[in-house]
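Read through the structure below, which is laid out as structure tokens, and then see the notes.
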Amino acid sequence: EPEVTQTPSHQVTQMGQEVILRCVPISNHLYFYWYRQILGQKVEFLVSFYNNEISEKSEIFDDQFSVERPDGSNFTLKIRSTKLEDSAMYFCASSEFIGWGARLEQYFGPGTRLTVT
Amino acid sequence: GENVEQHPSTLSVQEGDSAVIKCTYSDSASNYFPWYKQELGKRPQLIIDIRSNVGEKKDQRIAVTLNKTAKHFSLHITETQPEDSAVYFCAVRRWEYGNKLVFGAGTILRVKS
């Protein structure tokens, strides 16, 4: 069964450094997402991406964050200048399509644990 | 914005008993309600979902019920097994606005054998 994949599984970085988290969504999916989960807390939406542009973003997704689909398979999340509070598990997800009658399920990748020191 | 409340935060049951987790939501336009199971250090995995035009859905030992009028939906697990122990998250979606999922705070389910 196809799965969303993410690399790296764990990233340690120093405060102020830039990080890029990578995701390969399921191949026939058109909608991509980033969520984050601070240890012991709920999953929080960051951004959704469709047709090569951001369709929605949360208040967490400020100017330090950006997303990109650099080619036909990868989907990346960049944090320009990391802060201690960015430490979390970052999940990429993808779904087939939107719209009534379409498959709505979002499938999550295994996550990247980001540790900012 | 959408607010999702999930109860209880922890639930301990004896193996073989049933478990029920309930979520309430605020946005009456929400139209899709998935449940995810997350084991320690793993990804959230979709276990069952329901759309707003359906009142109940069942898949073997798990079921979800939706009450649109009261704006709540519940996960029911029957004949619980130790491998059901995990954190369960409910979520809601309103598809017109970017397709985001808004998650509840999670329920830690412990099944004692």
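The values are calculated or read from the model by the stated rules, or taken from the named source; none is laboratory data. Since the structure is predicted, the reported quantities are computational estimates derived from the model, not experimental observations. Here the Cβ positions follow ideal geometry from the backbone for every residue, glycine too, while neighbour counts run over all protein chains shown. Side chains are part of the model used for accessible areas, which takes the heavy atoms of the whole protein and leaves out ligands, DNA and RNA. Shrake-Rupley method; radii C 1.70, N 1.55, O 1.52, S 1.80 Å.
Accessible area per residue for segment A:1-43 is 58 Å², calculated with a 1.4 Å probe on protein heavy atoms, without ligands, DNA or RNA. Ordering A:42-50, A:76-84 by mean Cβ neighbour count within 10 Å, with the highest value first, yields A:42-50, A:76-84. Look at the alpha carbon pairs under 8 Å that are at least 6 residues apart: their mean separation over the length of segment B:15-103 gives a relative contact order of 37 percent. Here the Karplus relation 6.51 cos²θ - 1.76 cosθ + 1.60, evaluated at θ = phi - 60°, turns the backbone of segment B:13-21 into coupling constants of 9, 7, 3, x, 7, 9, 10, 10, 10 Hz, with x for every Gly and Pro. The heavy atoms of B:Arg94 offer some 80 square angstrom of accessible surface to a 1.4 angstrom probe. Please compute how much accessible surface disappears when B pairs with A, both sides summed, using a 1.4 Å probe, and round it to the nearest 100 Å². Using a 1.4 Å probe on protein heavy atoms, the buried area is about 2200 Å².
Taken about its Cα centre, chain A carries a charge dipole of about 220 debye when Lys and Arg each add +1 at the Cβ and Asp and Glu each add -1 at the Cβ. Within the full protein context, the accessible area of B:Ser9 is estimated at about 80 Å² for a probe radius of 1.4 Å. Working from Cα pairs under 8 Å separated by at least six residues, relative contact order for chain A is 37 percent.
Averaged over peptide A:39-52, the number of partner chain Cβ atoms lying within 10 Å of each residue's Cβ comes to 4.
For the peptide B:43-53, the mean number of other protein chain Cβ atoms found within 10 angstrom of a residue's Cβ is 3. Tally Lys and Arg at +1 and Asp and Glu at -1 over the other residues with C-beta under 13 Å from the C-beta of A:Asn74: what net charge comes out? So the environment of A:Asn74 carries a net charge of +1. Please give every one of the lysines within straight-line cross-link reach of A:Lys83, meaning a C-alpha to C-alpha distance under 25 Å, and leave out same-chain neighbours fewer than 8 residues apart. Counting by Cα, and skipping residues close in sequence, A:Lys83 has these lysines nearby: A:Lys42, A:Lys57, B:Lys42, B:Lys100. Need the list of aspartates and glutamates near B:Lys112 for cross-linking: C-alpha distance under 20 angstrom, and skip anything on the same chain fewer than eight residues off. Within the straight-line cut-off, B:Lys112 pairs with B:Glu15, B:Asp17, B:Glu39, B:Glu79, B:Glu83, B:Asp84. Of the candidates B:Leu40, B:Leu101, B:Leu66, which one comes out as most mobile in a Gaussian network treatment of chain B with C-alpha springs shorter than 10 Å? Greatest mean-square fluctuation among the candidates belongs to B:Leu40.
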